[in-house]
Amino acid sequence: MKIKPEHFARLRDAITLHDTDYHRSRYAAAGLSTKRYQWDLLRHAGLMPWLCDTLYTYLDDTHIQTALNKLIKPLDTAA
């Protein structure tokens, strides 16, 4: 991954607080994608200003998506 370790840690610490079974089940029940869930977690955690000011100085969406995929397991949409 291209993301700096300290930035990955900040992303992990902020997002994992909001990655709950409740939120996961609501997104899955609504038929929303894992990618949508991951990016909504970023917004919900209040990271958008930091993302724009810090991460986008050296990353693009594909790099950020790779980090999100490492942090957040796919939604269970088999239910």
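What follows is calculated from the coordinates using simple rules that are stated; it is not laboratory data. Every value quoted in this text rests on a predicted model; they were computed, and no experiment measured them. Note: ideal-geometry Cβ built from the backbone for every residue, glycine included; neighbour counts use all protein chains shown.
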Phi-derived 3J(HN,Hα) across the range 17-25 with the Karplus relation (6.51, -1.76, 1.60, θ = phi - 60°), rounded Hz, x for Gly and Pro, is 5, 9, 7, 10, 4, 4, 5, 4, 5
Lys and Arg at +1, Asp and Glu at -1: neighbours of T34 with Cβ under 10 Å from its Cβ sum to +3
With +1 at each Lys and Arg Cβ and -1 at each Asp and Glu Cβ, the charge dipole magnitude of the range 11-71 around its Cα centre, to the nearest 20 debye, comes out at 220 debye
Dividing the helical contributions, -39500 (n - 2.57) per DSSP H run of n ≥ 4, by the residues of the chain yields a 222 nm value, nearest 500 deg cm²/dmol, of -17500 deg cm²/dmol
Quick shape check on the range 11-71: root eigenvalues a ≥ b ≥ c of the Cα gyration tensor, a/c under 1.5 is rounded, otherwise prolate if a/b tops b/c, else oblate, and it reads prolate
In order over the range 43-56: 3J(HN,Hα) from phi, Karplus 6.51/-1.76/1.60, θ = phi - 60°, whole Hz, x for each Gly or Pro, gives 5, 4, 6, x, 8, 4, x, 5, 4, 5, 7, 10, 5, 6
Proximal lysine pairs in the chain, meaning Cα under 14 Å and 8 or more positions apart or interchain, come to 4
